[in-house]
1. Starting from the amide H of TYR331, placed 1.01 Å from N in the peptide plane, find each other amide H under 5 Å away whose residue is 5 or more places distant or on another chain.
2. In what sequence, largest accessible area first, do SER265, SER41 appear using a 1.4 Å probe?
3. If each residue of separation counts as 0.36 nm, what is the full-extension length gain between GLU205 and LEU21 once their alpha-carbon separation is subtracted?
4. Report, to the nearest whole %, how much of the accessible area of the chain belongs to carbon and sulfur atoms, 1.4 Å probe, protein only.
5. Which value, in Å³ per residue, describes the convex hull spanned by the Cα atoms of region 6-71?
6. Per Stokes-Einstein, at 4 °C and 1.567 mPa s, what whole-number D in µm² s⁻¹ belongs to the chain, with the Kirkwood radius over Cα pairs as the hydrodynamic radius?
7. Given charges of +1 on the Cβ of Lys and Arg and -1 on the Cβ of Asp and Glu, with all other atoms neutral, how large is the dipole of region 287-345 about its Cα centre, in debye to the nearest 20?
8. Just want the answer: with Cβ charges of +1 for Lys and Arg and -1 for Asp and Glu, which residue in GLY78, GLN30, VAL162 is farthest toward the dipole's positive end in region 8-439?
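The values are calculated or read from the model by the stated rules, or taken from the named source; none is laboratory data. The structure displayed is predicted, hence computed values, not measured ones. All Cβ positions, even for glycine, are placed from backbone atoms using ideal geometry, and neighbour counts span all protein chains on display. Accessible surface areas use protein heavy atoms only, side chains included; no ligands, DNA or RNA. Shrake-Rupley method; radii C 1.70, N 1.55, O 1.52, S 1.80 Å.
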Amino acid sequence: MTATVQTTEELRTPRGPLFGLPHLLRLRRQPISHNDFLRASYGEVIKLNVFGTTLHACYGLDAAEQILINRNRDFANGPAWSHFIGPFFHRGLMLLDFDEHLHHRRILQMAFTNDAMRRYHAVMVPHIRSGLEQWASVPNPRMHELFKALTLDLALETFVGVDLPRAEQDRVNKAFIAAVRAGTSIVRRNVPGTPWARGLTARKELEAFFYEHLPAKRRDGGDDLFAQLCIATSEDGDVFSDEDVVNHMIFLLMAAHDTSTITMSSMAYHLARYPEWQEKARAASMETGDDYDSVVGNELLERIMKESLRLCSPVPSMPRVAVRDTAVNGYLIKEGSFVAVSPFYNHHDPQYWPDPTHFDPDRFAEPRREDHGHRMAFHAFGGGVHKCIGMYFAGVQVRAIFHELLRTYSWSVPAGYTWPLDLVALPFPRDRLPVTLERL
Ligand code: HEM
């Protein structure tokens, strides 16, 4: 629904508390209960003023549908996401808008075909096995750290596909981590010694790295994502320039890394808290063959992944900026305003997800299919034209890792343990999820 359907006078003006910052801070600690409180106090679209910027939190699935499907192109991604990560990830797909975005997405799509997935899977499996092999000797294992390291190593193989000495690998990984961290810097200017400044240096290092290896990739090709971007050609015959390849590579590494790590940490956490589900998952993986079709066809793992994503959505909130006066759920949104859709919050709505805090992968099984209750019931991967392009890649990688993990180890947490989630930026367990890990 937009302002062209309802006149501006008929629309409600969003309300909110006088000072936004204390609420923003509380939302980081209590994202569900405090959002419930704000929604009950001020309505379906609320206004928070923080450091001179007005944010509109838009609750519920109808608002999510209006904003993400964005039928009238009222909302833009670029100005919204650039505010948080622009200097480090500029010209990444998620930061482009409208026709330019579609043009790039069509070319990028060619690196995510079914055939490409099979090739990425073949590249990653030996590295998953050797990576997991080393877990047995890790003292005081913390699942979040282990997944992070494994995902970084896999990214070098499946994304970059360049043979590097260990020191060079570490340098690239370090630059990449610095670029990712920079987005959460409190000081948002190039002040020496701050994460922001380190992020800017890291961006330059990553650009230099990809430009150095690009000519060989264009010449020799390969099964990795970097080579696929070099050769990707849309149905209309369009290809990426060198600059495009570099910008997309840096963004893709970022988009894939923390999201996959958090997903797997959430799966490991819930499978440790609900050991009966870990046993079921192990039995299913033991019965499953090692080939691509069997691993990707493991429906129980798919349901466990979705339920873990529902309970802890790695991208907790998706921002947009209104490019003209418009409306969400009958509330006036003025041109230039920030709006945000929160899958993390919406996925706990008891109207669609009964007993929402309970881990129950069968919600996603027939006949319940709670994810079919609304077009946007499950939007951990977003929706509309910006819906995650790496969704299938993530599914393949996560399933390939859990297939091997469940067959190699069992893990547990002490009775009564609850993971301390940090929600300042993307969610992660502050204690990195310590577990008792036993080789089978
Ligand atoms: C479980 C893991 C993942 C989750 C939960 C996730 C989530 C998301 C979400 C919510 C968006 C939409 C953001 C918005 O609309 O503002 C998105 C976009 C995107 N994701 Fe993912 N993602 C995951 C893994 C990946 C992977 C593995 C890749 C790459 C291989 C990737 C690449 C991208 C890209 C390029 C976009 C931008 C798409 C566009 O704007 O057209 N993601 N992701």
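1. ARG12
2. On the way: SER265 0, SER41 45 Å².
So, going from the largest accessible area down, we get SER41, SER265.
3. Numbers: separation 184, 0.36 × 184 = 66.24 nm, distance 3.48 nm.
Residue separation times 0.36 nm, minus the Cα-Cα distance, leaves 62.8 nm.
4. On the way: 10360 of 19480 Å².
Roughly 53 percent, rounded to a whole number.
5. Details: hull volume 7.5 nm³, N = 66.
About 114 Å³ per residue, rounded to a whole number.
6. Details: Rh = 22.9 Å.
Rounded to a whole number, D works out at 57 µm²/s.
7. Numbers: 6 positive and 9 negative charges, 140 e Å.
Magnitude of the dipole: close to 680 debye.
8. Working it through, the farthest residue towards the positive pole turns out to be GLN30.
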